[in-house]
1. How large is ³J(HN,Hα) for each residue in segment 20-30, as worked out from phi by the Karplus curve 6.51 cos²θ - 1.76 cosθ + 1.60 (θ = phi - 60°), to whole Hz, x for Gly and Pro?
2. Mind giving me the nanometre distance, one decimal, between the label points for Ala24 and Arg68, set 7 Å out from Cα along Cα→Cβ?
3. Explain nothing, just compute: Karplus ³J(HN,Hα) = 6.51 cos²θ - 1.76 cosθ + 1.60, θ = phi - 60°, for every residue of segment 32-49 in order, whole Hz, x for Gly and Pro.
4. Cut-off is 10 Å between beta-carbons; in what order do Glu50, Glu56 appear when sorted fewest neighbours first?
5. Return the long-range amide H neighbours of Tyr67 (sequence gap of 5 or more, or a different chain), with a cut-off of under 5 Å between placed amide H atoms.
6. Which value, in Å³ per residue, describes the convex hull spanned by the Cα atoms of segment 3-71?
Amino acid sequence: RFGRFAEPARLVLVALHDGPRTVALLFDDVRSLDGPVGPGTLYAAIARLERRGLIEAARNGEGRPAYRLGGAGTVPGGTQG
């Protein structure tokens, strides 16, 4: 379904399990889990997850754009977001 973006998409869901993250924090989290990930790969994974309702745009406590698990978002292990 996600093609070559399957693993980055899964890692984004894992990173968002603990709450909303800005794109910069998502980069850091995904890279710490999987090593180097290019911005194009990460943005494509985010876009696919958002289109499927698994994540949604949000604002963090400082009003910066962020992402959080959407109503359909789940993380490995079946936890509902």
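1. x, 9, 6, 4, 4, 5, 4, 4, 4, 5, 5
2. The answer from the label model is 2.1 nm.
3. 5, 8, 10, x, x, 10, x, x, x, 5, 5, 5, 5, 5, 4, 4, 5, 5
4. Arranged by neighbour count, lowest to highest, Glu50, Glu56 become Glu50, Glu56.
5. Arg21, Thr22, Ala58
6. 78 Å³
Readers should treat all values here as calculations from the given coordinates under stated rules, not as data from a laboratory. Computed from a predicted model, the values in this text were never measured in an experiment. Here the Cβ is made from the backbone with ideal geometry for all residues, glycine too, and neighbour counts use every protein chain on show.
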